[in-house]
Every structure is written in structure tokens, then in C-alpha cells.
1. Suppose the chain between V207 and I268 were pulled fully straight at 0.36 nm per residue; how much longer would it get relative to their current alpha carbon spacing?
2. What is the spin-label model distance, in nm, from L102 to Q259 if the labels are put 7 Å beyond Cα along the C-beta direction?
3. Would you kindly work out the equivalent ellipsoid of region 1-59 from its C-alpha gyration tensor and give its semi-axes, the square roots of five times the eigenvalues, largest first in whole Å?
4. How big is the dipole moment of the chain about its Cα centre under a simple scheme where the beta carbon of each Lys and Arg is +1, that of each Asp and Glu is -1, and everything else is neutral? Debye, nearest 20, please.
5. If I model a spin label as a point 7 Å beyond the Cα along the Cα-Cβ vector, how far apart are those points for A133 and S89 in nm?
6. Just going by the charge dipole of region 81-191, with Lys and Arg at +1 and Asp and Glu at -1 on Cβ, which of V148, T182, P108 is farthest out on the positive end?
7. Based on the mean of other Cβ atoms within 10 Å per residue, sort peptides 9-19, 196-206, 121-131 so the most packed one is first.
8. Which whole-number percent gives the relative contact order of region 1-143, counting Cα pairs below 8 Å spaced six or more residues apart?
Amino acid sequence: MEIGASLSSIELFVNNLAASAGFYERTFGFNTERRGNTVHCHAHDRLLVLLPGNAGQLYRANYRFRTVFGFEAQRRAMISRGVPLMFESVHGFSVQDTEGRLIGFLAPDSATDAPATQFRPARLQHIGVRSTAPAALVDFYVSTLGFVISDRVLDSDGDLSAAFLRTDSEHHSMAIFRSSETRFDHFSCETTGWPELRDWADHMADVGVDLAWGIGRHGPGNDTFLMIKDPDGNLAEVSSDLEQCSTDRPVGVWPHRPQTLNQWGVAIMRG
Ligand SMILES: [Fe+2]
């Protein structure tokens, strides 16, 4: 059973605050606001917080629960599994994954929601991270945090090269990719359909940013997508038509090959 939360914001370390803020303002239509030593990039349904630090690393991803019941159940589950709670307040708490990233779990309707502004629709929907030990990381997210595996990608030796995990009915709110380095891979904003994805691609052309990957269609999740690359080498995705999963959906298994990551055949193989 899914925990009943969805991605609401991410906090990302960057090399150059001004450069990254300017990039995301142009490309994703964020309004940017300096707060202390951070920059909040916000638009309707998407919030990205930039922090100075170790570029290419995720500081925290925040998942918001739909119900107080679900949020309290998650808090009790973390305590019963011996997970230390950090930054605990009435609005939420954080836990640390086995590679040092923070995962925030937020109560419904706290005051931290992004202010509503209008640009092209695209709701912050999932993140992907790269890991040198993906099987162990997936095990932590599933066994300890309660994420559910939708699809696994296995290489010819049967070793895990990618996994797609969900926290509600959407196919994945987190993806884990095997890589030679442990770092952030990408975030994705889900737009409202295929014509809107085309419009996003046209918008990227208008602001002079080439697509780094796509337009394509992922195998796991079956979503169409485009990706651009930010100044720190992070990928930023716009997707559409992501698969909706029933609670009893069987775990899918895919072969490690380009056509799994892009059914149309051109893929970024992380490792
Ligand atoms: Fe993605």
C-alpha cells in the first residue's frame, strides 16, 4: 500500500546561486526570491530551493501527505523502525537516507506551499538520483520509508541498474539509477498533456536552451518527456501522461538497454 504522499519541493546544492537561479527563471518560468543564503524558485505547483554547497547533490526532497492520518502513520512507522526524526515540527519532519540525502515528510496544508503564479503548467512530480549501490538504496526506501517499487531494470547479470518507486498512484515519485557516482540526477515536472509538452520544447528553444534528451517516451512509466541540463549538470525534465498505478499492480521488470529508458531508442545510460 502506498504511503499517500507526493513530491512537493526539492532543495538542491548549487555551485553558483545567481547562475542557477537565472537558468531556472528562464527555462522553467520560476519567480526567484532570495531568502538568507538560499534562493527560492517558485511557480504554481513547483518549488525548487537552491542552496550554496556541493553542486550536483540533493539536500532534501519533501513529500507532502494528503491526509493527517497518513502523515501520522508515517511518523509512527519511522519511530517504530528506529529511524531518527530530524527538524521535527507540527509541519513535518525529515529523515536521512543511507547516502546522506534528507527526505522531508510534510503534513497536509502547511504554510510552505509555493505561492500560485501563472506560467506553463507543470507540477513538480518526481526526482531521480544516481547511486553506486542502487540495490541497497532501493531497499532502504522500500523497507524503511515505505516507498513501493513500480518497475525494476536489470542488466544481463540480473543486477539492478534502475528502480522506479511510488508514494501514491503515480508510477514513480522517485527513481534510482546505478552510476559510477552518487549524485542528483534530475527532477521532473508533469505537464498536462502532449501538446503542452510540445509547447515546453518550443519555450526552451525560445529561451535558447537546447534539449539534452528527448523528446522521448520512457519505458517504465510510459511518460513522454524532454530534459534540459542545468549549469551544474543536473537534468531537469518536463513529462506528460505518466502511468497511474493500482495498489495491486505487479512489479515490472525491464532489461537494461536504451529502449527501456526511451522507447524511441536514444537514451542516457547512467551506468
Ligand atoms: Fe524522470
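The values are calculated or read from the model by the stated rules, or taken from the named source; none is laboratory data. Keep in mind that what you see is a predicted model, and the values were worked out from it rather than measured. A quick note on method: Cβ atoms are made from the backbone with ideal geometry, for glycine too, and the neighbour counts reach across all protein chains shown. To get the accessible areas, we keep the full protein, side chains included, count just its heavy atoms, and leave off ligands, DNA and RNA. Shrake-Rupley method; radii C 1.70, N 1.55, O 1.52, S 1.80 Å.
1. 19.6 nm
2. Distance between the two pseudo-spin positions: 4.4 nm.
3. Semi-axes from the Cα gyration tensor: 21, 15, 10 Å.
4. My answer is approximately 400 debye.
5. Each label point is offset 7 Å from its Cα along the Cβ direction, giving 3.3 nm.
6. Farthest towards the positive end: P108.
7. So the peptides 9-19, 196-206, 121-131, ranked by packing, come out 121-131, 9-19, 196-206.
8. With pairs under 8 Å counted, the relative contact order is 27 percent.
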